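The values are calculated or read from the model by the stated rules, or taken from the named source; none is laboratory data. This is a predicted model, so every value here is computed, not measured. Glycine gets a Cβ as well: all are built from the backbone with ideal geometry, and neighbour counts include every protein chain shown. In case anyone asks, the SASA skips ligands and DNA or RNA and just uses the protein heavy atoms, side chains included. Shrake-Rupley method; radii C 1.70, N 1.55, O 1.52, S 1.80 Å.
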Amino acid sequence: MLNIKDLYTAVENKKILEGLNLSVNAGEVHAIMGPNGSGKSTLANILAGKDGYQVTQGSVTYEDKNLLELSPEERARKGVFLAFQYPVEIPGVNNIYLLKAALNAIRKHKSEPELDAMEFMSLVKEKMKLVQMNEDLLTRSVNEGFSGGEKKRNEVFQMAILEPKLAILDETDSGLDIDALKIVAEGVNSLRNKERAFILVTHYQRLLNYIKPDYVHVLSKGKIIKSGGPELAIELEEKGYDWIH
Amino acid sequence: MSTNTENFEKLVKKEYEHGFVTDIDADTIPPGLSEEIITFISNKKEEPQWLLDWRLKAYRQWLKMKDPTWAKLDIEHIDYQAISYYSAPKSKEDAPKSLDEVDPKLLETYQKLGIPLDEQKMLSGVAVDAVFDSVSVATTFKQKLADAGVIFCSFSEAVKEHPDLVKQYLGSVVPAADNFFAALNSAVFTDGSFCYIPKGVRCPMELSTYFRINASNTGQFERTLIIADEESHVSYLEGCTAPMRDENQLHAAVVELVALKDAEIKYSTVQNWYPGDENGVGGIYNFVTKRGDCRGDNSKISWTQVETGSAITWKYPSCLLKGNNSIGEFYSVAVTNNYQQADTGTKMIHIGNNTSSTIISKGISARHAQNVYRGLVKISKNANGARNYSQCDSLLMGDQCGAHTFPYIETKNSNAKVEHEATTSKISDDQLFYCLQRGIAEEDAINMIVNGFCKEVFKELPMEFAVEAQKLLGVTLEGAVG
């Protein structure tokens with residue numbers, strides 16, 4: 001599904017990724033771990049198409065197409081979803097209004113009929129349960145005045161509605177207490193299936209207690225220096241990142 | 001006079017070079033302003049002597065006045081002698097009794113503008129007093145309003161049918177010589193709307209007037225007077241469009257509102273006159289004086305405006321809070337794009353005890369546009385317990401536009417409570433990226449963010465206006481980012 005080959009990137013001429021390779025197949029869950037500043041969030045942002053990053057070398061293919069040539073909205077419509085580390089507040093824009101616009105843009109791209117208000121609401125009611133979303137968060141402005149946990153839950157809720165093929169979760173566990181972490185993890189787990197791939201970007205191992213990855217990669221200084229199974233995460237937790245060098 | 005009239009009627013009407021133009025035999029007088037012209041207008045409209053005298057008095061005072069220069073506006077010199085001050089559709093001469101008698105081309109123009117004059121739209125519950133080139137042509141729902149005792153008619157008709165009310169209230173809120181543009185309007189106004197809601201009546205429908213500027217070189221000088229008698233309630237909608245054209249057109253309207261004891265007036269405007277092209281050529285000059293007088297205790301006047309059009313907007317809908325416990329509100333969205341300039345805001349003058357006012361202003365500027373909020377909150381010495389809350393937010397799109405806020409506060413009473421908040425922000429790349437990452441197209445995302453920014457104002461608009469306003473905002477800002 002996703003193939004990253006020898007990827008080099010820079011922000012304002014500062015090198016961030018330096019020769020990153022990663023291959024993700026449908027149905028797999030990959031955890032990308034690493035110390036602060038190793039390039040984890042950069043990787044997530046580049047895959048989603050955020051402005052401001054220069055790709056100086058390498059390639060990223062997604063479903064056999066050059067991902068880097070697509071605009072952010074095209075990527076989203078083709079099934080790439082980023083759960084933001086810091087979800088943005090948009091005052092005055094109704095949370096589910098944005099979500100309905102997003103879902104219908106994606107459905108339109110797939111030549112599926114747009115959902116009307118009734119159909120959409122029944123979908124919302126069904127998916128809300130996955131992350132135990134509080135109903136009043138639906139009609140509030142996007143992320144405005146949400147607690148850290150509510151914002152992250154809202155991201156997973158959006159993911160549940162939009163049903164992406166490739167979901168990238170950028171530090172979704174940060175700022176969550178243990179109960180919220182469990183809820184978010186259960187939400188993610190319920191969305192796992194054979195067609196859908198996940199990339200979990202995380203600093204800590206604790207998320208992986210609840211979402212069991214197929215692969216764990218350690219990112220350091222812009223490239224993956226070690227890959228393994230779930231046991232690698234536990235080893236990292238015990239020994240720290242320095243142990244790998 | 002009669003030879004003059006003939007000469008006037010011989011005048012050839014210029015054709016538009018752009019936009020859709022209704023080919024109607026307009027009855028236009030030559031450019032210029034003088035006591036003769038004013039007398040001609042007054043005679044043409046068969047006005048009583050007192051009104052002619054009032055006009056002439058205003059004109060003589062206007063001659064001594066100068067254009068205001070304090071606003072942050074760059075205005076080209078206006079030659080007031082180059083403007084024609086009267087233009088009426090010919091069909092007025094035959095006095096249409098119903099829509100069937102109205103020139104079909106006129107109706108067609110209204111339909112292009114989406115004005116609900118036809119049978120089907122009458123069902124939508126909006127009474128329309130449509131102003132086409134200064135003279136009202138058709139009024140609907142008269143009967144239903146008449147049953148409730150509400151008077152809603154053209155200003156000319158009010159002068160003929162309800163002279164006492166007009167005489168009592170005309171100029172009582174905005175005096176003839178209030179300011180340069182108000183004095184000009186008082187001298188030459190040709191028509192407008194009049195509305196009287198009797199004591200204890202809740203107006204059974206929203207009253208709506210659509211304006212349209214059509215004839216070339218003809219300034220529009222509308223006069224609106226709304227009187228809400230004790231314990232009455234009215235919601236009034238004003239919406240405007242203008243065809244594409246190249247020359248600057250002057251528009252100087254005056255709106256006066258009077259709310260007596262326990263009465264409430266809600267006045268909503270969506271203004272989308274031609275703003276000029278993307279190089280700043282053409283567009284309407286919109287110099288409007290709007291003022292509401294909360295004359296009685298517990299009265300309330302609420303202004304809501306969405307200003308997206310005009311090359312230049314100079315407009316400060318204000319409230320005089322004379323009655324005890326009276327309330328004034330001002331909700332505004334002003335959008336400027338390309339080379340548009342807007343200097344707009346409000347004045348809240350607290351005179352009575354326990355008066356309160358709320359000001360919510362949202363300014364949006366894109367490309368090279370300049371957007372100014374200018375407001376005055378004045379608490380007079382005897383206004384005990386007065387309260388004001390002001391919030392002025394500006395949104396910038398691009399880095400060549402400007403937003404400016406000039407909030408003036410004058411408090412002569414120490415127990416007044418005045419709060420002011422102001423913010424300026426840009427549409428953030430992060431907000432935009434968030435929407436794009438969810439699959440939403442850039443234009444839609446911008447629309448969504450901008451409409452979100454304006455939500456506090458839009459929610460004050462009647463439903464159908466709110467929908468129109470949102471669409472308008474999208475059209476106005478098309479392609480402004482990116």
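In table form, for the structure just shown:
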{"item": "Count - residues of the range A:192-213 that are touching a helix residue (DSSP H, G or I) at 6+ places or on another chain (Cβ under 6 Å), surrounded by fewer than 21 Cβ atoms within 10 Å (Cβ to Cβ) and assigned to a helix (DSSP H, G or I)", "result": "1"}
{"item": "In the range A:214-240, the residues that are in contact with a Gly (Cβ under 7 Å, 6 or more places away or on another chain), within 23 Å of A:GLU63 (Cα to Cα) and open to solvent by less than 40 Å² (accessible area, probe 1.4 Å)", "result": "A:VAL216"}
{"item": "Pairs where the first residue, in the range A:36-50, is within 14 Å of another protein chain (Cβ to nearest Cβ) and the second is among the aromatic types (Phe, Trp, Tyr) and open to solvent by 10 Å² or more (accessible area, probe 1.4 Å), C-beta under 7 Å, 6+ apart", "result": "A:ASN45/A:TYR53; A:ILE46/A:TYR53; A:LYS50/B:PHE433"}
{"item": "Output for the range B:378-433, where each listed residue is without any contact (Cβ under 8 Å) to a residue 12 or more places away in the chain and either open to solvent by 70 Å² or more (accessible area, probe 1.4 Å) or of a type outside the set (Ser, Thr, Tyr) (or both)", "result": "B:ASP399, B:SER414, B:ASP429, B:ASP430, B:PHE433"}
{"item": "Some residue of the range A:5-20 being open to solvent by 10 Å² or more (accessible area, probe 1.4 Å), closer than 22 Å to A:LEU232 by Cβ and within 14 Å of chain B (Cβ to nearest Cβ)", "result": "no"}
{"item": "Out of B:GLY296, B:GLY280, B:GLY276, sole residue that is at negative phi and part of a loop (DSSP other than H, G, I, E, B)", "result": "B:GLY296"}
{"item": "Residue count for the range A:214-245, restricted to those that are touching a helix residue (DSSP H, G or I) at 6+ places or on another chain (Cβ under 9 Å), free of Cβ contacts under 8 Å to residues at least 60 places away in the same chain and small (Gly, Ala, Ser)", "result": "1"}
{"item": "A:ASP179 of a type in the set (Asp, Glu) and closer than 21 Å to A:LYS50 by Cβ", "result": "no"}
{"item": "Filtered residues of the range A:51-77 (kept if at the interface with chain B (Cβ under 9 Å from one of its Cβ atoms), surrounded by fewer than 22 Cβ atoms within 10 Å (Cβ to Cβ) and not acidic (Asp, Glu))", "result": "A:GLY52, A:SER71"}
{"item": "Scan of the range B:223-244 for residues that are open to solvent by less than 10 Å² (accessible area, probe 1.4 Å) and modelled with pLDDT under 75, ordered by number", "result": "B:GLY239, B:CYS240, B:PRO243"}
{"item": "Among residues of the range B:171-198, those that are closer than 14 Å to B:LEU257 by Cα, touching a strand residue (DSSP E or B) at 6+ places or on another chain (Cβ under 6 Å) and open to solvent by less than 30 Å² (accessible area, probe 1.4 Å), counted", "result": "7"}
{"item": "Checking B:PHE330 against (1) at pLDDT 95 or above; (2) more than 16 Å from the chain's Cα centre (by Cα); (3) buried (at least 24 other Cβ atoms within 10 Å of the Cβ), the condition it does not meet", "result": "(2)"}
{"item": "The range A:117-144 - residue that is modelled with pLDDT of 90 or more and in a loop (DSSP other than H, G, I, E, B) and, of those, farthest from the chain's Cα centre (by Cα)", "result": "A:ARG140"}
{"item": "Among (1) touching a strand residue (DSSP E or B) at 6+ places or on another chain (Cβ under 6 Å); (2) not in a strand (DSSP E or B); (3) not charged (D, E, K, R), the one test that A:LEU169 misses", "result": "(2)"}
{"item": "Subset of the range B:423-434 (residues that are part of a helix (DSSP H, G or I) and either among the hydroxyl-bearing types (Ser, Thr, Tyr) or more than 7 Å from chain A (Cβ to nearest Cβ) (or both))", "result": "B:LEU432, B:TYR434"}
{"item": "Sole residue being within 14 Å of chain B (Cβ to nearest Cβ), open to solvent by 60 Å² or more (accessible area, probe 1.4 Å) and over 24 Å from A:ASP173 (Cβ atoms), chosen from A:GLU89, A:GLU114, A:GLU135, A:GLU126", "result": "A:GLU114"}
{"item": "Contacts under 9 angstrom Cβ, first residue in the range B:23-46 being farther than 20 Å from B:GLN81 by Cβ, partner open to solvent by less than 30 Å² (accessible area, probe 1.4 Å) and modelled with pLDDT of 80 or more, 6 or more apart", "result": "B:ASN43/B:LEU52; B:LYS45/B:LEU51; B:LYS45/B:SER156; B:LYS45/B:VAL159; B:LYS45/B:THR190; B:LYS45/B:ASP191; B:GLU46/B:SER156; B:GLU46/B:VAL159"}
{"item": "Flag for A:VAL80 being of a type outside the set (Asp, Glu), at the interface with chain B (Cβ under 7 Å from one of its Cβ atoms) and surrounded by 14 or more Cβ atoms within 10 Å (Cβ to Cβ)", "result": "no"}
{"item": "Failed criterion for A:ALA101 (all others in (1) in a helix (DSSP H, G or I); (2) open to solvent by 30 Å² or more (accessible area, probe 1.4 Å); (3) more than 8 Å from chain B (Cβ to nearest Cβ) hold)", "result": "(3)"}
{"item": "Hits in the range A:138-184 - residues which are of a type in the set (Ser, Thr, Tyr), within 14 Å of another protein chain (Cβ to nearest Cβ) and open to solvent by less than 60 Å² (accessible area, probe 1.4 Å)", "result": "A:SER141"}
{"item": "Scan of the range B:437-478 for residues that are open to solvent by 20 Å² or more (accessible area, probe 1.4 Å), over 19 Å from B:ILE360 (Cα atoms) and within 13 Å of chain A (Cβ to nearest Cβ), ordered by number", "result": "B:ALA441, B:GLU442, B:GLU443, B:ASP444, B:ASN447"}
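Every residue, every condition in (1) of a type in the set (Val, Ile, Thr); (2) closer than 22 Å to A:LEU70 by Cα, yes or no:
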{"residue": "A:ALA105", "(1), (2)": "no, yes"}
{"residue": "A:LYS110", "(1), (2)": "no, yes"}
{"residue": "A:ALA117", "(1), (2)": "no, no"}
{"residue": "A:ARG153", "(1), (2)": "no, no"}
{"residue": "A:ALA160", "(1), (2)": "no, no"}
{"residue": "A:ILE168", "(1), (2)": "yes, yes"}
{"residue": "A:GLY187", "(1), (2)": "no, no"}
{"residue": "A:ALA197", "(1), (2)": "no, yes"}
